[in-house]
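Just so you know, all these numbers are worked out from the coordinates, no wet-lab data involved. Worth saying up front: this structure is predicted, and the values here are computed from it rather than measured. So basically every Cβ, Gly included, is an ideal-geometry build from the backbone, and we count neighbours across all protein chains shown.
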Amino acid sequence: MGGKEIEALIDQLARLPGMGPRSARRAALRLLQAPRVRMDPLVNALSAAAKAVRTCGQCANLDSTDPCTICADPNRDRSTLCVVEGVGDLWALERAGVHRGLYHVLGGTLSALGGVGPEDLTADLLLSRLRDGTVREVILALGATVDGATTAHWLAERLAPLGVAVSRVGQGVPIGGALDVLDDGTLAAALRARRPA
Ligand SMILES: [Zn+2]
């Protein structure tokens with residue numbers, strides 16, 4: 001097929017989530033057929049995003065500013081903090097507009113099989129955020145998987161001595177580790193159906 005530059009482009013596209021070799025070839029072809037209209041804006045957006053991306057020092061969200069837009073927003077409810085596994089879950093909750101408080105991105109769940117231990121998560125950062133007493137409720141919006149449940153239990157135990165209320169999103173909601181596949185109504189229901197951890 002094409003030269004090595006084109007093969008490299010297809011190879012990189014094929015690594016993206018939701019893409020396989022076939023869809024990567026189609027995407028590459030579409031870009032290559034109109035470089036100025038399709039390729040250049042993509043190259044510019046990728047380059048700008050790569051230069052700008054920061055991990056928020058407060059909540060571990062990804063943004064172009066640190067603190068992130070959410071942490072810096074004076075209109076957010078600072079008494080409620082929603083703990084999610086990943087940035088994708090935060091984006092899903094924001095898109096649905098169901099949470100007006102702050103977030104904390106844990107960076108995954110504890111997993112014996114996956115070799116994920118407490119040191120791989122941002123739990124210490126979370127605990128340090130709670131020390132000044134501003135946050136009064138922590139909502140654990142972790143996946144309804146075994147690892148999600150284990151992590152929620154582990155976090156709830158560490159949060160208990162701090163005197164904050166700890167709740168979990170509705171147990172009957174099929175979160176399954178990926179909030180971003182749920183529709184907005186289900187997400188809203190999950191958050192409303194929270195109960196003490
Ligand atoms: Zn933040």
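For Arg158 and Ala50, calculate 0.36 nm times their separation in residues minus their Cα-Cα distance, and state this gained length in nm to one decimal. Display every interim value, and only then the final one.
Details: separation 108, 0.36 × 108 = 38.88 nm, distance 3.52 nm.
35.4 nm is the gain from fully extending Arg158 to Ala50.
Under the 0.36 nm per residue contour assumption, what length would be gained going from the current alpha-carbon distance of Ala193 and Leu113 to full extension? Can you show the working numbers first?
Details: separation 80, 0.36 × 80 = 28.80 nm, distance 3.01 nm.
The Ala193-Leu113 span can extend by a further 25.8 nm.
Residues with amide H under 5 Å of Gly101's amide H, sequence separation 5 or more or different chain, H placed in the peptide plane at 1.01 Å from N; which?
Under 5 Å from the amide H of Gly101 lie the amide H atoms of Asp77, each far enough along the sequence or on another chain.
With an 8 Å Cα cut-off and a minimum separation of 6 or more residues, compute the relative contact order for the chain in percent. Don't jump to the answer; show the numbers that get you there.
Working: 283 pairs, mean separation 32.1, N = 197.
Once normalised by length, the contact order is 16 percent.
Around Val116, which amide H atoms from residues at least 5 apart in sequence, or from another chain, sit under 5 Å from its own amide H, with H modelled in the peptide plane?
Excluding prolines and chain starts, which carry no amide H, the hits are Ser111.
For the residue pair Asp73 and Ser128, what label-to-label distance in nm results when each label sits 7 Å from Cα along the Cα-to-beta-carbon direction?
Result: 2.5 nm between the two label points.
Given 20 °C and 1.002 mPa s, how large is the Stokes-Einstein diffusion coefficient of the chain in µm²/s, with Rh as the Kirkwood radius over Cα pairs? Present the calculation step by step, with values, prior to reporting the outcome.
Working: Rh = 18.7 Å.
The calculation lands on 114 µm²/s.
Once fully extended, how much extra length lies between Glu137 and Ile6, figured as 0.36 nm per residue of separation less the alpha-carbon to alpha-carbon distance? Write down the numbers at each step before the final one.
Numbers: separation 131, 0.36 × 131 = 47.16 nm, distance 5.14 nm.
Contour length minus Cα-Cα distance gives 42.0 nm.
For the chain, what is the calculated [θ] at 222 nm in deg cm²/dmol (nearest 500), taking -39500 (n - 2.57) for each run of four or more DSSP H residues and dividing by its residue count?
Details: 8 runs with 81 residues, N = 197.
Per the formula, -12000 deg cm²/dmol.
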